[in-house]
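What follows draws every value from the coordinates through simple rules; no lab data is involved. All values reported here derive from a predicted model rather than from experimental measurement. Counting neighbours? That spans all protein chains shown, and the Cβs are built from the backbone with ideal geometry, glycine included.
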């Protein structure tokens, strides 16, 4: 029997956005979605189980400014974090009852398959290979891959520069889509591609001259540029399309549909989440929620 669920009313109180668009030290208030009171779901569904236990385990990244970043106070902030809170709130779960787990690119499928988390919201590009192992809800955002270099670097103008100069090194994250999609542009992937578990390690390597560039999704790189005090810049145009999805256990179609419906019904919350996080980056525009894919 299908039991009524209380719709999440996206009543948001957003404090004025005071952070500079270029990414200064000021902080902006993230929106707080209203937590559904005593929601009810069809018995036996993931939604019913999570609502009954009153908590949820969510994997995200801790090193990506404006998407998933752990602050000095230990609190997580960013667009992915806020998207996860909107979904949790519709389940009747408050932010303080979310159990966050750091989830780098290389382990996102593993933590879902191992039952370590209930969902992953972590700049997680939807692709066919990953969809063989997990189910994706969404997409909730569409990014594109680009290149970041030191501001004084005029040698690298886009991905083609690495094929033209085999001595150039580019860094990306282990297990990430960008690490795969840059390889056709490399003269020698074995020597030119440097991989780390986290993009923050790539950024450090760019700063100290160990690599010549970092590649990942443009909106992630824009966050690093904004926080770099002029040290970094982006070059060239985006050369891929990266639809971000929410990873859940393979085959949980009902949970996938619930997530898609929740986002579609809360576009005001979605926009407010963006404007308080990634929307603070100079050069970004407020996105429209993409049409959801079929849940399989």
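Over the alpha-carbon set of the range 145-235, divide Rg by the Kirkwood Rh and report the Rg/Rh ratio to two decimals. Radius of gyration over Kirkwood radius for the range 145-235 works out to 0.91. Listed by Cβ neighbour count within 10 Å, with the fewest neighbours leading, 41, 162, 239 appear as 239, 41, 162. Taking label points 7 Å from Cα along the Cα-to-Cβ direction, residue 204 and residue 133 give a separation of 2.5 nm.
Given the -39500 (n - 2.57) contribution per DSSP H run of 4+ residues, what per-residue ellipticity at 222 nm results for the chain, rounded to the nearest 500 deg cm²/dmol?
Numbers: 11 runs with 85 residues, N = 296.
Dividing the helical sum by the residues of the chain leaves -7500 deg cm²/dmol.
Peptide packing: for 213-220, 32-39, 288-295, the average count of neighbouring Cβ atoms within 10 Å per residue gives the ranking 213-220, 32-39, 288-295, highest mean first. Angle of helix 79-90 to the longest C-alpha principal axis of the chain, folded into 0 to 90 degrees and rounded to 10: 10°.
Between the range 62-105 and the range 186-255, the C-alpha centres lie 20 angstrom from each other.
If I fit a long axis through the Cα atoms of helix 253-265 and take the longest principal axis of the Cα atoms of the chain, what angle between them do I get, 0 to 90°, rounded to 10? In the chain, helix 253-265 runs at an angle near 80 degrees to the longest axis. For the chain, the longest principal axis of the C-alpha atoms and the axis of helix 267-276 are separated by about 40°.
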